[in-house]
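Worksheet: the structure to be examined is printed underneath.
The values are calculated or read from the model by the stated rules, or taken from the named source; none is laboratory data. Source: prediction; values computed, not measured. FYI the Cβ positions are ideal-geometry reconstructions off the backbone, even for glycines, and counts take in every protein chain you see. Calculation scope for accessible area: heavy atoms of the full protein, side chains included, ligands and nucleic acids excluded. Shrake-Rupley method; radii C 1.70, N 1.55, O 1.52, S 1.80 Å.
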Amino acid sequence: LGLLYQEYRDKSTRQEIETRRLQDSQTDPEESSPSEETPSEAEPTSTTENKAPPQISLLRNSNSRFNLWQDLPEIRSSGVLSILQPDEIKLQEAMFELVTSEASYYKSLNLLVSHFMENERLKKILHQSEAHILFSNVLDVMAVSERFLLDLEQRVEENIVISDVCDIVYQHTVNHFSVYITYVSNQTYQERAYKQLLQDKPAFRELISQLELDPKCKGLSFSSFLILPFQRITRLKLLVQNILKKVEEKSDRETTALDAHKELETLTCNEGVRKMSRTEQMISIQKKLEFKIKSVPIISHSRWLLKQGELQQMNGPKTSRTLRTKKLFREIYLFLFNDLLVICRQIPGDKYQVFDSAPRGLLRVEELEDQGQSLANVFILRLLENADDREASYMLKASSQSEMKRWMISLAPNRRTKFVSFTSRLVDCPQIQCVHPYVAQQPDELSLELADVLNILDKTDDGWIFGERLHDQERGWFPSSMGEEILNPKIRAQNLKECFRVHKSDDSQRRKLGSRNRQ
């Protein structure tokens, strides 16, 4: 393909956004969009299996554009579009996208290796150990991608109508994709090494800038090439999900798609990088804490940080309505982990003195009724059993409505939100699709990719949404400006139906994944 993977992915996701926008504006979600052109008279008069298939040379043509399967000259001249049902054409498009996106991905990996990694000047600047950390096992990743692509290409060339691709995805995930775990496990060290090299080696910084300006890179940064393997496995899982939504129910193709999806989900659930990063964070926090109460061990392989930050604690009786000045409040600092709350006061030397704690499961929150501006964004936190084995209450003031809600949902995750989660399967939950990518800035936020669809669980008046992404059930906060609400109830229902179908055979895996980072 002529497109680098970064360009291909961007075009593909933006096309998905436009398709969903058009569907949302229609009364019938089954109406075809321009990107899914189907013949008006499609009658299954015969099968195409007996036809001599023309060779599809797309993958060997480096000048090819971003194309749909039905736009290929070989497909149009074959007459197959007048034979296949519209649903089968959509399925062919979904399988074809998986193949062409892998071709584009391989092209970008090849550029990372040939243009950056094998650059002679760069080899002289980098120590061997630095190069190893920076590029990790990318050669193994590229070799696996090439083998995968060759098998996909062979399948496409077997017949003009693609029989299946998910069986190939399954086999390669089981037998070869473990190289991705190695690459992803190096992520923390790779990011750190890259920042350090930019800071400490001007020659490295200048050379990378020069290489990025080469027309081959099409204006894309070096770092966008380094993160390709991280992004590819997640994207591959979404492409398989897209196929799964379109295959016939209870068919062999549904079985292979479910098997492939389950294996990819196991691969993307790999906790290596996550645990490494969390352990380092726990060590850093432990060093900053000084206990005024009985010490609590912070470092644990099963513990991670959910949220930290400053709140204002109100002094005096919580029922008082005569207090009107900021002097009523004193600053406290909270570290909230997945199983523990630690309440501190900041002291000199970037240290925190711990004066109370409680298991997260023994926390309750209650929003305070409006009592004027000075008590706006105030909520009550109850510790059913604190560090002294007794019940304790704190009246806390947040800096904004969104910050108050974010703390309340993080402290008491089972508290009912404004909108019911789709997992209840009872309520038509509001939905939003992402039209601008977002990178999480806080542990309780959710990073978004273009075309992500989420259920809206809660929202604030100052522009924040608490959402649950449909394809992996991850929850978190993000700015409302990142998305567009899906208004058509039929489209929302269709999105939920497709989501349930994708996860119907691996509900236990879905629950494991969904609970991993729930707030």
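Filtering the stretch 439-451 to residues that are more than 23 Å from Asp24 (Cα to Cα) and open to solvent by less than 80 Å² (accessible area, probe 1.4 Å) leaves Ala440, Pro443, Asp444, Glu445, Leu446, Ser447. Whenever a residue of the stretch 85-97 is over 12 Å from Asp71 (Cα atoms), its partners that are part of a helix (DSSP H, G or I) and among the hydroxyl-bearing types (Ser, Thr, Tyr), lying with C-beta atoms within less than 9 angstrom and at least six residues away or across chains, give the pairs Glu97/Ser12. Please go through the stretch 390-428 and give me each residue that is in contact with a helix residue (DSSP H, G or I) (Cβ under 6 Å, 6 or more places away or on another chain), outside any loop (DSSP other than H, G, I, E, B) and at pLDDT 70 or above, ordered by number. Correct list: empty. Do we have any residue at all in the stretch 196-214 that's part of a helix (DSSP H, G or I), open to solvent by 20 Å² or more (accessible area, probe 1.4 Å) and closer than 30 Å to Ser163 by Cα? No, because not a single residue in the stretch 196-214 is part of a helix (DSSP H, G or I), open to solvent by 20 Å² or more (accessible area, probe 1.4 Å) and closer than 30 Å to Ser163 by Cα. Lys288 meets each of the listed conditions (1) in contact with a strand residue (DSSP E or B) (Cβ under 9 Å, 6 or more places away or on another chain); (2) open to solvent by 60 Å² or more (accessible area, probe 1.4 Å); (3) without any contact (Cβ under 8 Å) to a residue 60 or more places away in the chain apart from (3).
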